[in-house]
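Step one of this worksheet: look at the structure below.
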Amino acid sequence: MKIEEYLFAMKKRCSRRKYTNRPIDSKYVQQLEDNIALYNKESGLNMKLIIGNGGKLFDGFRKSYGLFVGVQNYIAMIGSKTLLNRMEKVGRFGEKIILEATAMGLSTCWVGTSYDKNAAKELCEGNEVLDCVIAVGYSDEKHSLKERMMEYGMHRQNKSKEALIEAEEPMPEWFKQGMDSVYLAPTARNLRPFVFKYKDGQVTASITIPTETAIIDLGIAKFHFELGARVGSWDYGNGGHYYFDDKRKDSDI
Ligand SMILES: Cc1cc2nc3c(=O)[nH]c(=O)nc-3n(C[C@H](O)[C@H](O)[C@H](O)COP(=O)(O)O)c2cc1C
């Protein structure tokens with residue numbers, strides 16, 4: 001997908017928690033499968049798309065605290081315990097797939113806690129772990145009352161963009177654009193548990209609140225930054241550097 005399409009999808013994306021029973025069009029299922037296979041190769045993760053069996057993880061009040069309705073499909077974010085930077089890769093590649101799914105007209109939601117973890121563990125082999133899942137499917141355009149209540153609750157916790165930046169002036173335009181995209185990144189409980197620094201011409205990103213999913217959130221946010229700043233690449237890791245490189249092509253995303 002082209003960088004403009006990722007940026008467009010980024011603005012359109014929002015978490016959806018109620019899904020209709022319309023099956024995902026088969027050509028999109030195939031595209032999701034192909035992309036997941038490609039990113040598994042690239043990252044070393046073992047992400048799996050599960051079609052039509054989502055009820056096992058979400059149905060019944062006990063499983064999702066009643067938060068999710070009608071989830072039929074999901075992506076299990078699985079990786080080996082020994083895979084370096086596993087959780088950051090979960091964030092980066094999961095968000096890449098989410099933006100691609102958004103461009104296909106699909107709804108999504110990252111789910112770290114509100115699902116039946118034991119039922120999902122059956123998908124792991126050997127020393128694999130499941131860090132979280134991503135619900136995917138179609139939603140009605142209109143958000144349900146319960147969805148709106150959740151959104152209200154989450155967005156009350158609203159850290160400003162400035163609170164995510166520690167920078168020397170003048171900030172380059174590409175850094176500001178990167179931060180505009182970071183501000184659109186989903187994070188667990190909308191906590192935005194990170195800070196992006198610009199000092200001596202160098203950009204780094206690190207965790208400020210050590211939550212269970214902070215490194216996943218960081219992976220998502222670093223990917224958004226890269227899309228917004230447009231040219232450059234990141235070192236993995238908490239405190240990792242960003243390298244601005246205006247010779248890099250958009251097709252490298
Ligand atoms: C790693 C991660 C885990 C999440 N886990 C849950 C969850 O368990 N339940 C839930 O309802 N939303 C979950 N969310 C969704 C966030 O609440 C949501 O992204 C945030 O409130 C921002 O809203 P938006 O995605 O609509 O922009 C999670 C998001 C992330 C990134």
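Pairs from the table (Lys41/Lys96; Lys27/Lys89; Lys12/Lys197) lying more than 23 angstrom apart at Cα are Lys27/Lys89; Lys12/Lys197.
If you take the square roots of the eigenvalues of the alpha-carbon gyration tensor of the stretch 1-131 and sort them as a ≥ b ≥ c, do you get rounded (a/c under 1.5), prolate (a/b over b/c) or oblate?
Taking the square roots of the gyration eigenvalues as a ≥ b ≥ c, the stretch 1-131 is oblate.
Hull volume per residue, based on the alpha-carbon atoms of the stretch 112-253 and their convex hull, is 163 Å³. With the convex hull constructed from alpha-carbon coordinates only, the stretch 61-195 shows a mean projected area of 10.3 nm² over all directions. Using every pair of distinct Cα positions in the chain, the Kirkwood expression returns a hydrodynamic radius of 18.6 angstrom.
May I ask you to give the percent of accessible area on the stretch 123-253 that is carbon plus sulfur, with a probe radius of 1.4 Å?
Numbers: 3390 of 6710 Å².
Carbon and sulfur atoms account for 51 percent of the accessible area of the stretch 123-253.
Once the Kirkwood radius over Cα pairs is known for the stretch 98-167, the Stokes-Einstein relation at 20 °C and 1.002 mPa s delivers a diffusion coefficient of 140 µm²/s. When each of the peptides 181-194, 159-172, 227-240 is scored by the mean number of other C-beta atoms lying within 10 Å of its residues, the order from highest to lowest reads 181-194, 227-240, 159-172.
A simple count of charges around Met10, restricted to other residues whose Cβ falls under 12 Å of its Cβ and scoring Lys, Arg +1 and Asp, Glu -1, yields -2. What is the angle, in °, between the Cα long axis of helix 145-156 and the longest principal axis of the Cα atoms in the chain? Nearest 10 is fine, range 0 to 90. With both axes taken from Cα atoms, the answer is about 20 degrees. Looking at the stretch 79-160, the accessible area is 48 square angstrom per residue; that uses a 1.4 Å probe and ignores ligands, DNA and RNA. Charge tally for Gly112 (other residues, Cβ to Cβ under 12 Å; Lys, Arg +1; Asp, Glu -1): -1. Placing a label point 7 Å from the Cα of Ile209 along the Cα-to-Cβ direction, the residues of the stretch 113-137 with a backbone N closer than 20 Å are 113-115, 132-133.
Find the percent of Cα-Cα distances in the stretch 157-197 that exceed 15 Å, and round it to a whole number. Let's see the in-between values first.
On the way: 292 of 820 pairs.
Beyond 15 Å sits 36 percent of the P(r) for the stretch 157-197.
The label-point distance for Val29 and Cys14, in a model that sets each label 7 Å from Cα toward Cβ, rounds to 3.0 nm. In vacuo Debye scattering of the stretch 134-204, one point per C-alpha: log10 I(q)/I(0) at q = 0.13, 0.21 Å⁻¹? The calculated log intensity ratios at q = 0.13, 0.21 Å⁻¹ are -0.52, -0.94. Averaging the Cα positions of each part gives two centres, and for the stretch 6-64 and the stretch 198-222 these lie 25 Å apart.
Zone of Thr113 (label point 7 Å along Cα→Cβ, backbone N under 18 Å): which residues in the stretch 200-221? Of the residues in the stretch 200-221, 208-218 have backbone N under 18 Å from the label point off Thr113.
The values are calculated or read from the model by the stated rules, or taken from the named source; none is laboratory data. As the structure is a computational prediction, the values presented were derived from the model and not from experiment. So basically every Cβ, Gly included, is an ideal-geometry build from the backbone, and we count neighbours across all protein chains shown. Ligands, DNA and RNA are stripped out before the accessible areas are found, and what is left, the full protein with its side chains, is counted by its heavy atoms. Shrake-Rupley method; radii C 1.70, N 1.55, O 1.52, S 1.80 Å.
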